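Below is one structure; the comments refer to it alone.
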Amino acid sequence: MTTIATALLHALKDYGAKEIFGIPGDFALPFFKVIETSGVLPLYTLSHEPGVGFAADAASRYRSALGVAAVTYGAGALNMVNPVAQAYAEKSPLVVISGAPGAGERDMGLGLHHQVKHFDSQFQVFREVTCDQAVLDDAATAPAEIARVLRRALKLSRPVYIELPRDMVDAACDRVPAPEAPQADKDAARACAEEIMETLRGADNPALLLGVEVRRYGLEQRVAELARKLALPTATTFMARGILAASDAPLIGTYLGLAGDTDTRRAVERAGALVLLGVILCDTNFGVSKRQIDMRNAVHAFDETVHFAHHMYPAIPLGALVDAMLEIAEPLGDATAFDEPEPDRGLQADEAPITPPDIVRAVNDLFAEHGRMPIASDMGDCLFTAMDMENTELVAPGYYATMGPGVPMGLGIQAASGRRPLILVGDGAFQMTGWELGNCRRYGWNPIVLLFNNTGWGMLKVFQKDTGYNDLDDWRFADMAAPLGGRGYRAATRNELAGALAAAHADDSTFQLIEIMIPRGEISSTLERFVGAIREKSALGKD
């Protein structure tokens with residue numbers, strides 16, 4: 001026998017979690033005490049619940065495993081709904097654990113602090129942004145409930161919610177059942193794979209397009225092997241930028257429609273048969289393509305279903321399909337005919353003002369000299385700028401597109417990997433969650449933060465000019481780095497950027513914040529193409 005709290009912690013570890021991010025509160029204090037005293041998983045406390053959610057999500061994405069966020073009831077958990085919604089939209093298996101009132105407190109007949117409408121209002125809210133939920137209010141059923149939701153999180157690669165009343169933390173219970181190996185109908189997967197291969201053999205210029213499920217289910221090595229065996233040009237979607245970056249698969253770039261590389265776009269859009277593996281069909285992945293992808297010539301494997309033009313195979317997990325295809329794969333193309341675009345390098349270190357392409361060259365020069373770093377990017381032009389950087393592991397809100405994940409996601413990457421990350425963030429997003437950098441000193445984290453400061457919500461100004469409410473004041477963020485325990489630089493010229501980046505990389509004792517002053521109106525090459533494509537499509541729609 002064990003206790004519910006201890007059983008839950010051991011189950012999280014057995015099911016693949018490596019750490020917990022959290023913020024304590026009165027209803028969660030008993031559980032947090034067990035986390036600390038048991039030592040089953042390390043605990044990283046941050047400053048604000050959204051940062052907790054973003055960090056746990058990033059750890060999950062980086063490791064292709066469960067991420068864990070622990071908070072208190074009401075004011076804590078409801079403050080984290082937005083990161084959980086992001087995890088749901090972008091298919092990340094985040095486990096949310098919330099403390100809750102005990103049975104005696106619920107029976108007092110009084111409204112309880114942190115309560116919204118009903119005691120189960122929070123539970124109902126989280127039903128909308130998670131794929132499964134459990135309230136651990138019965139010691140006899142708690143182990144099975146924990147196993148059920150954790151299995152669902154891994155199977156569907158989406159967040160789940162666990163509510164732990166504080167009077168149940170030390171209740172005696174059995175251990176949680178062990179993880180079960182995923183089961184799949186191998187004959188069905190083989191039949192599906194054979195039909196895909198037949199489709200590819202009969203098509204002109206077949207190609208592969210990869211999505212986030214490849215990373216979520218830990219399939220990168222097997223998919224890289226499949227791409228090599230098929231010898232087909234292979235692209236990633238906008239959301240999946242960075243997967244297979246360390247492989248020798250025949251990658252040709254990231255598909256961004258008219259906003260992206262011409263050769264990549266043509267290879268994807270002109271494919272006589274296009275196999276989409278784990279791709280979320282959404283506007284950010286396909287919304288700016290002039291020709292669009294003809295799904296009648298596509299095979300789409302997603303959410304354990306494989307869709308052909310007029311029929312589908314249900315209950316085929318992506319891993320089972322990839323394994324079946326590996327067994328029968330044969331060369332079908334000439335992958336050497338396509339090359340991934342060469343990174344733009346060679347920053348001219350002069351006194352000219354800094355533009356986003358200059359930041360691209362500076363980072364690519366850094367990577368060429370010292371090796372690639374994992375990147376966490378916020379939403380906005382910093383993410384579009386990342387598309388032109390050398391292909392490396394990338395965590396970003398490419399579909400849900402919320403502001404604020406950049407800094408805490410970078411901290412989540414470092415906690416999960418031990419590697420020093422590069423964080424890209426705009427001044428508007430930094431105002432939201434940048435202060436989480438103050439936690440770096442406690443945990444020995446030392447990210448390099450590139451803060452794109454154009455004193456405005458820059459991406460919004462691109463789409464809506466001549467507005468005052470999209471302008472921001474100059475907060476002089478670099479001056480705030482030292483009080484937070486880091487080192488700050490303010491760079492307004494290309495020469496200052498080159499010097500600051502070299503100094504930041506050389507100093508690994510703490511976090512480094514480079515505040516890059518960008519003139520208003522300067523945008524990345526990719527965002528410029530993206531905006532141009534949107535305007536062209538809008539003009540065509542008016543004809």
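Values quoted throughout were computed directly from the atomic coordinates according to the rules given, and no laboratory measurement underlies them. For clarity, every value in this text was computed on a predicted model and none was experimentally measured. FYI the Cβ positions are ideal-geometry reconstructions off the backbone, even for glycines, and counts take in every protein chain you see.
Using only alpha-carbon positions in region 356-528, the gyration tensor eigenvalues give semi-axes of 23, 17, 16 Å once each is multiplied by 5 and square-rooted (largest first).
The calculated P(r) of region 304-356, using every Cα pair and 5 Å bins from 0, goes 4, 12, 11, 11, 11, 11, 9, 6, 7, 8, 7, 3, 0 in percent. For region 186-337, the equivalent ellipsoid built from the Cα gyration tensor has semi-axes of 21, 16, 16 Å, listed from largest to smallest.
The alpha carbons of region 323-395 stretch over 57, 27, 22 Å along the principal axes, in descending order. Considering only PHE452, VAL322, VAL149, whose Cα is most displaced toward the positive end of the charge dipole of the chain, charges sitting on Cβ of Lys, Arg (+1) and Asp, Glu (-1)? About the Cα centre, the residue reaching furthest to the positive side is VAL149. All distinct Cα pairs of region 2-173 go into the 1/r average, and the inverse of that average, the Kirkwood radius, is 15.5 Å. Highest-first packing order for the peptide set 53-62, 251-260 is 53-62, 251-260, based on the mean count of other beta carbon atoms within 10 Å. Computed from the Kirkwood radius of its Cα pairs, the Stokes-Einstein diffusion coefficient for the chain at 25 °C and 0.890 mPa s stands at 101 µm²/s. Straight Cα distances below 20 angstrom link LYS186 to the aspartates and glutamates GLU194, GLU195, GLU198, GLU213, GLU225, ASP303, GLU304, ASP323, GLU327, GLU330, with same-chain residues fewer than 8 positions distant left out. So what is the diffusion coefficient of region 230-317 in µm² per second by Stokes-Einstein at 37 °C and 0.692 mPa s, using a Kirkwood Rh over Cα pairs? It diffuses with D of about 242 µm²/s by this estimate.
Over all pairs of different C-alpha atoms, region 378-444 has a mean inverse distance whose reciprocal, the Kirkwood radius, equals 12.3 Å. What share of Cα pairs, in percent, lie more than 16 angstrom apart in region 241-290? The calculated P(r) of region 241-290 puts 44 percent of pairs beyond 16 Å.
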